[in-house]
1. Can you pull out every residue in the range 69-97 that is within 23 Å of the chain's Cα centre (by Cα), assigned to a helix (DSSP H, G or I) and either aromatic (Phe, Trp, Tyr) or crowded, with 23+ Cβ neighbours inside 10 Å (or both)?
2. One residue is enough: does the range 115-124 have a residue meeting the conditions in a helix (DSSP H, G or I), in contact with a Ser or Thr (Cβ under 7 Å, 6 or more places away or on another chain), hydroxyl-bearing (Ser, Thr, Tyr) and more than 28 Å from Leu206 (Cα to Cα)?
3. Could you tell me which numbered condition Leu101 fails, if it satisfies all but one of (1) of a type outside the set (Gly, Ala, Ser); (2) within 20 Å of Leu253 (Cβ to Cβ); (3) modelled with pLDDT under 85; (4) under 19 Å from the mean Cα position of the chain (by Cα)?
4. Which ones in the range 244-303 are within 17 Å of Asp98 (Cβ to Cβ) and part of a loop (DSSP other than H, G, I, E, B)?
5. Could you list, in sequence order, the residues of the range 141-162 that are more than 11 Å from the chain's Cα centre (by Cα) and surrounded by 22 or more Cβ atoms within 10 Å (Cβ to Cβ)?
6. Somewhere in the range 211-227, is a residue on the phi < 0 side of the Ramachandran plot, hydroxyl-bearing (Ser, Thr, Tyr) and in contact with a Lys or Arg (Cβ under 9 Å, 6 or more places away or on another chain)?
7. Please pick out the residue among Phe48, Phe66 that is farther than 29 Å from Ile269 by Cα, without any contact (Cβ under 8 Å) to a residue 24 or more places away in the chain and assigned to a helix (DSSP H, G or I).
Amino acid sequence: MKEKLIAFFKKETILCISGVLAVVSACIIPPDATYKGYCDIRVLTLLFCLMAVMGGLQQMGVFDRFASELLSKAKNLRQLTTTLVMLCFFSAMLVTNDVALITFVPFTIMLLQRANLTDRMIPFIVMQTIAANLGSMLTPVGNPQNLYLYTISGMEMGNFFATTLPYVLFSYLLLFLFSLLQGSKPLTPPKPAEQNAYDVKEKAYLLVLSVLFFLCILAVFRIIPYQAILIAILLWFLLVQKDILKRVDYCLLLTFAFFFVLIGNLGRIPALRETLQSLMLGREVLVSFLSCQFISNVPAAVLLSEFTDRYDLLIAGVNIGGLGTLIASMASLISYKYFAQVPGAKKGHYLLYFTIMNVLFAAVLLGLYAFLAYR
């Protein structure tokens, strides 16, 4: 029993910590009628819907087929690097950084092993991780913190993209430069894996999942009510693809719920609220960036959102804050876990290279923020 608890804590550290903090805050502010307004049901609902749809598409191998087809056209190391890194960068904008890494990092490991390029595994995986974290910054559905901040802020779509686009464009240029520097060592293009064509039933499933994803996007942008997409999602998965519901990250949803309780209670402590608001004033990007390094960007976004109304700066801070330490973005742990399972994996080398590259990218993007803010 003790071993199981320790293993669960290691796997879901943020969930456990957020749960303890929520309980402690409830001891300070005893539960009452105000608690009903703590949780943002819209955020939780949209997160659930997006995770369910992405799980369905992933199970059908949509992303694997797409990646395999693209990689079959790579003729040298530069093209291979560009393809693998940009797959994560662009896919994360729609399927989230977590899904992008879960899908493409194992694919990359297998590909490099077959091509006798295991010496390139660390830079490839690290850059894929950075690419997924930065590409996901562009859209409200790219990562959980964006979805949360976009939802609670009530920002216009144009304002959101005006906030994120400069950083994403600059990130693309940095990633493309990294790919160009890899050289033009010739490669034998990997053949696409032989896969059976989708049958009529699978094509029907793909069509429905695509429609559901489109409806999710409409709900995120407040074009249709989120309750409608929730009903549609539940009906489809309960009646047709029930097993997909097991793949939803309920721990992430519960973590959000715990943080909603925590920040709700913290906001009711006048002295603490004033202190945090004073700390954030004029330092939104720096404070949120530093907070991410210790508690990761999703909890930082939820926690700090209670103490500022500069959501544009908070969005920039927590997304840039995904760079840095290994726990700054929980998505980064996904890549590390896959790499650590490779026989003979040099974990120390990975962590050193990961830290150096993340610090470099973070420094450049923070410099870009300073330039845009004070020009």
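The values are calculated or read from the model by the stated rules, or taken from the named source; none is laboratory data. On a predicted model such as this, the values are computed, not experimentally measured, just so you know. With ideal geometry, Cβ positions are generated from the backbone for all residues, glycine too; neighbour counts draw on all protein chains shown.
1. Scanning the range 69-97 gives Thr81, Leu84, Val85, Leu87, Cys88, Phe89, Phe90, Ser91, Ala92, Val95, Asn97.
2. For the range 115-124, residues in a helix (DSSP H, G or I), in contact with a Ser or Thr (Cβ under 7 Å, 6 or more places away or on another chain), hydroxyl-bearing (Ser, Thr, Tyr) and more than 28 Å from Leu206 (Cα to Cα): absent.
3. Here Leu101 clears every test but (3).
4. Val248, Asp249, Ser296
5. Tyr148, Leu149, Tyr150
6. Scanning the range 211-227 turns up at least one residue that is on the phi < 0 side of the Ramachandran plot, hydroxyl-bearing (Ser, Thr, Tyr) and in contact with a Lys or Arg (Cβ under 9 Å, 6 or more places away or on another chain).
7. Within the list Phe48, Phe66, the selection yields Phe66.
To keep it simple, each residue is scored yes or no on (1) of a type in the set (Asp, Glu); (2) modelled with pLDDT of 90 or more; (3) closer than 30 Å to Phe307 by Cα.
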{"residue": "Tyr167", "(1), (2), (3)": "no, yes, yes"}
{"residue": "Phe170", "(1), (2), (3)": "no, yes, yes"}
{"residue": "Leu175", "(1), (2), (3)": "no, yes, no"}
{"residue": "Ser184", "(1), (2), (3)": "no, no, no"}
{"residue": "Lys191", "(1), (2), (3)": "no, no, no"}
{"residue": "Tyr205", "(1), (2), (3)": "no, yes, no"}
{"residue": "Ser210", "(1), (2), (3)": "no, yes, no"}
{"residue": "Trp236", "(1), (2), (3)": "no, yes, no"}
